[in-house]
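The values are calculated or read from the model by the stated rules, or taken from the named source; none is laboratory data. All values derive from a computational prediction rather than experimental measurement. Don't worry about glycine lacking a Cβ; one is built from the backbone with ideal geometry, like all the others, and counts go over all protein chains shown.
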Amino acid sequence: MAVKLDDLKQLRKATGAGMLDCKTALDDSKGDMQKAITILREKGIKVASKKASRDAEEGLVVSYIHPPGKLGVLVEVNCETDFVAKTEDFQKFVKQVALHIAAYPPIVVSRENLSEEAVEAERKVLLAQLDDSGKPAEIIEKIIDGRMDKFYSETCLLDQEWSDDPDVGTVKDALTDLIGKLRENIVIRRFARFSIGN
């Protein structure tokens with residue numbers, strides 16, 4: 001099947017993927033744009049998992065001060081090379097992460113940054129809330145798992161819905177897409193959020 005140039009341009013604009021990757025995805029999906037996007041995202045996930053073990057010691061620290069100056073964010077995002085740190089895609093992503101943190105205040109970058117004590121304490125609170133429900137233990141466990149996912153989405157940056165484009169999924173999904181696009185390991189290392197009175 002011949003790939004239409006307009007479809008190729010549209011897919012490239014939507015995903016930022018390379019021309020050859022877009023052509024292959026459109027071929028594989030028989031011209032179905034949504035399937036092609038899914039193919040490219042899956043490819044990005046595979047690239048991200050391969051890159052995850054590589055050192056990311058370059059990058060940027062970006063600040064965002066929300067007018068009128070009562071809220072501020074500092075965020076460090078690392079990549080492998082200074083070249084990637086200077087790209088528009090990387091810089092835009094880091095700025096968007098800072099804006100996201102300002103709007104949806106997480107506590108930590110990822111679940112791994114939460115202490116076991118904090119996670120266990122949250123589970124105990126949830127268990128106590130359901131203790132007198134009369135539901136079977138396996139149902140209670142499923143309810144607690146669901147509520148823990150909500151807890152993670154409120155406290156962990158990578159678990160939050162990506163504010164720049166909710167269709168992307170979570171912040172982690174947006175990061176994975178960027179890794180697939182830029183072909184380097186990229187890590188949101190740390191952040192600090194400051195607000196007057198808190």
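Overview of values
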quantity	calculated
Residues being assigned to a loop (DSSP other than H, G, I, E, B) and either surrounded by 13 or more Cβ atoms within 10 Å (Cβ to Cβ) or of a type in the set (A, V, I, L, M) (or both) - total across region 107-125	4
Failed condition for Ala137, given (1) farther than 28 Å from Lys70 by Cβ; (2) within 13 Å of the chain's Cα centre (by Cα)	(2)
Residue selected from region 126-148 under the condition assigned to a helix (DSSP H, G or I) and either exposed (fewer than 11 other Cβ atoms within 10 Å of the Cβ) or of a type in the set (Gly, Ala, Ser) (or both), by the criterion modelled with the lowest pLDDT	Ala137
Test set (1) among the hydrophobic types (A, V, I, L, M, F, W, C); (2) surrounded by 17 or more Cβ atoms within 10 Å (Cβ to Cβ); (3) modelled with pLDDT under 95; (4) part of a helix (DSSP H, G or I) - Ala56 fails condition number	(4)
Conditions (1) closer than 19 Å to Ile188 by Cα; (2) crowded, with 17+ Cβ neighbours inside 10 Å; (3) modelled with pLDDT under 85; (4) of a type in the set (S, T, N, Q); number of the one not met by Gln96	(3)
Scan of region 165-177 for residues that are over 18 Å from Arg193 (Cα atoms) and surrounded by 15 or more Cβ atoms within 10 Å (Cβ to Cβ), ordered by number	Val168, Thr170, Lys172, Asp173, Ala174, Leu175, Thr176, Asp177
Filter result (part of a helix (DSSP H, G or I) and β-branched (Val, Ile, Thr)) within region 159-198	Val168, Val171, Thr176, Ile179
